[in-house]
Amino acid sequence: MYPQNNDEMNNVYLNNETQAEVYAGESNEGADEVLTNIYNEKIVDESDAPVKDNILVCDGLVKIYKTDDVEVLALQGLELEIERGELVAIIGKSGSGKSTLLNMIGGLEKPTAGRLYVDGHDLFAMSEKGLVEYRRKSVGFVWQNSGQNLFPYFTALQNVEAPLYFDHMSQKARREKAMGLLKMIGIDHRANSYPAQMSGGEQQRVAIAVALAHDPKILLADEPTGAVDSKTSNMIQDIFRKINEEIGITIIIVTHDLSLANKVSRVIMISDGKISTEKIMKEKYRQQLDNMTTESLAEVESHEEYSILDKARRVQISQDALDMAGIDSNKVRVEVKDGKIIISK
């Protein structure tokens, strides 16, 4: 069982002779000490590596969309962990399941099976009221279509102020916070402009400021560069890196744009509803990134690529890799030589 936030678990009973179980109405002075050793997936031994500070854990997510005639399997037991403060891109082709995953993280959809934990909370055990509060306070959204991000009859400043009306702030405090966000994004010179008076890139920058207005823990961006040119895309990518570094917010970008790989710490490739491979940014590249131009980025090997083993020790091999190896059937040879696993025809 995944633990809830300690503030919400004041009554805990632990049966150490069998396994840890939680009971409402009971108490135990040692509960806090044990709960610090429990996070997201399992109880870890002291000899294990330190538990990562995961803000997001997807555990066997399955999503089936049903119509009268057909069932579509969008997610197939997807497993994923994202650490607090990470800047991550989830990349996949149309129909790979990436938008379904984004909607689940945002609390907009529920899985057919599996669980999703955000900051230690089981998202899908929440009531509808709890999910509304989660969407309002814990996540910020940046959509590809500016019509989903901005009110057309509000100026940029008014759009950023709008979410703050729910926080019972004074007019002065709202205005100061909204202007501060616009300045951080580099779009404060457009504070009094309406969306129709701004370019697509300017609208997206305002949308990022709007998404940050209520201080979310996670920023979700769905194809944020899909409707802009390459120069504007690079600028938006740099903005995401800037706010990730400056305020430490977790950012998850869902896209089919492979150029994002050069700007994020981890690239997660999703295929057929599962995580297939991950690319982790090299530390040397990370240190040099701020001094590189966009053109030179393409010339530098930036990431190490890893295939992902699921809990059943299965690995997904891309079609490109199979084609390069000349494997054209569903049967392969698996050998271990000199400490390496070799897959061949």
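What follows is calculated from the coordinates using simple rules that are stated; it is not laboratory data. Just so we're clear, the structure is a prediction, and the values are computed from it rather than from any experiment. Quick reminder, even Gly has a Cβ in these numbers, built from the backbone with ideal geometry, and neighbours come from all protein chains shown.
Listing for the model above:
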| quantity | calculated |
| --- | --- |
| Using θ = phi - 60° and Karplus 6.51 cos²θ - 1.76 cosθ + 1.60, couplings along segment 203-218 (whole Hz; Gly, Pro as x) | 4, 5, 5, 5, 4, 5, 4, 4, 5, 8, 4, 9, 6, x, 7, 10 |
| Residues whose placed amide H lies under 5 Å from that of Gln316, excluding near-sequence neighbours | Ile308 |
| Residue exposure sequence - Val336, Val264, Val62 - by fewest surrounding Cβ within 10 Å | Val336, Val62, Val264 |
| Net +/- balance of residues flanking Asp215 in space, Cβ distance below 13 Å, scoring K and R +1, D and E -1 | +3 |
| Table column - 3J(HN,Hα) (Hz), segment 233-250, Karplus curve with 6.51, -1.76, 1.60, x for Gly and Pro | 4, 4, 5, 5, 4, 5, 5, 4, 4, 4, 6, 4, 6, 7, 10, x, 6, 6 |
| In segment 95-170, the chymotrypsin sites (Phe, Trp or Tyr not before Pro) that fall in loop regions by DSSP, at most 12 other Cβ within 10 Å | Tyr153 |
| Euclidean distance between Cα centres, segment 181-231 to segment 61-79, Å | 33 Å |
| Distance-filtered residues of segment 104-142 - backbone nitrogen under 12 Å, label point 7 angstrom along Asp167 Cα→Cβ | 137-138 |
| Neighbour cut-off at most 12 other Cβ (10 Å), DSSP loop, GluC sites (Glu not before Pro), segment 154-263 | none |
| Beta bridges by DSSP in segment 60-307, antiparallel share as percent, to the nearest 5 | 55 percent |
